[in-house]
Amino acid sequence: MAEIKWEKDFHTAVELAAKTHRQVFQDFWFDG
Amino acid sequence: MNTGPYSDEKVQKYLGEQFVSVKSQCFWDKRSELMKQFDIAWTPTLLVHDSTGKEHHRVVGFVPSEDFLAHLKLGRGKMFFNRFRFADAVEALSVALDQHPKAGPAPETIFFLGVAKYWQTHDPKGLRWAYDTLAERFPQSEWARRAGPYKQIPA
């Protein structure tokens, strides 16, 4: 089973998306 | 840890191929800058951005795998739509609808697909197609009502 590679920083994710011509998916979550 | 829709192999594959995924933790007693930037008031809130970080689609609340995939694909189509890339939008939204015809976002997908078809061809039959399809398949949806004016367009 493939694991999703989660970035922790939004701006890092945007930079990576621009380099790899992908979109950004962002999950706002709460640990409660 | 991957739970909920993230445990679905189809979701994992699609996210890996098309998206860079990022988790942003929320703190209600001290809202983060990202929470303020994107007006996050409940979780989960799922955002689909383009490669510059501009938001194109949003989901608030839990969604199961089938709806989740359909939302990701709708978000891809709306990204093209918002950029006036209507041929790409038609292709992406057609894929979303073909692969997830009964998913939660299907009515919205049909609406934007019809409008994208219109922009692509300047033929109002795309709008009429959206009305007819929504009236037949999702007559109770808000999107059927939004497409209501297109009923006046000759079939």
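Values quoted throughout were computed directly from the atomic coordinates according to the rules given, and no laboratory measurement underlies them. Since the model is a prediction, treat every value here as computed from it, not as a measurement. Note that we place each Cβ from the backbone using ideal geometry, even for glycine, and neighbour counts take in every protein chain shown.
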Partner shielding of A:10-21, as the mean number of partner chain Cβ atoms within 10 Å, equals 5
Neighbour-limited loop hits for trypsin sites (Lys or Arg not before Pro), chain A (at most 16 other Cβ within 10 Å; DSSP other than H, G, I, E, B): A:5, A:8
What is the order of B:57, A:11, B:122, fewest Cβ neighbours within 10 Å to most? B:122, A:11, B:57
Could you tell me how far the Cα centroid of the stretch B:116-151 sits from the Cα centroid of the stretch B:4-21, in Å? 30 Å
Normalising by the residue count of chain B, find the relative contact order in percent from Cα pairs under 8 Å and 6+ residues apart. 14 percent
On a 26 Å Cα-Cα criterion, which of the cross-link pairs B:10/B:125; A:19/B:23; B:13/B:102; B:73/B:125; B:36/B:117; A:19/B:13 come out too long? B:10/B:125; B:36/B:117
Return the distance in nm (one decimal) between the two label points of a simple spin-label model at residue A:30 and residue B:58, each offset 7 Å from Cα along Cα→Cβ. 1.6 nm
Alpha-carbon centroids, chain A and the stretch B:54-81: separation in whole Å: 15 Å
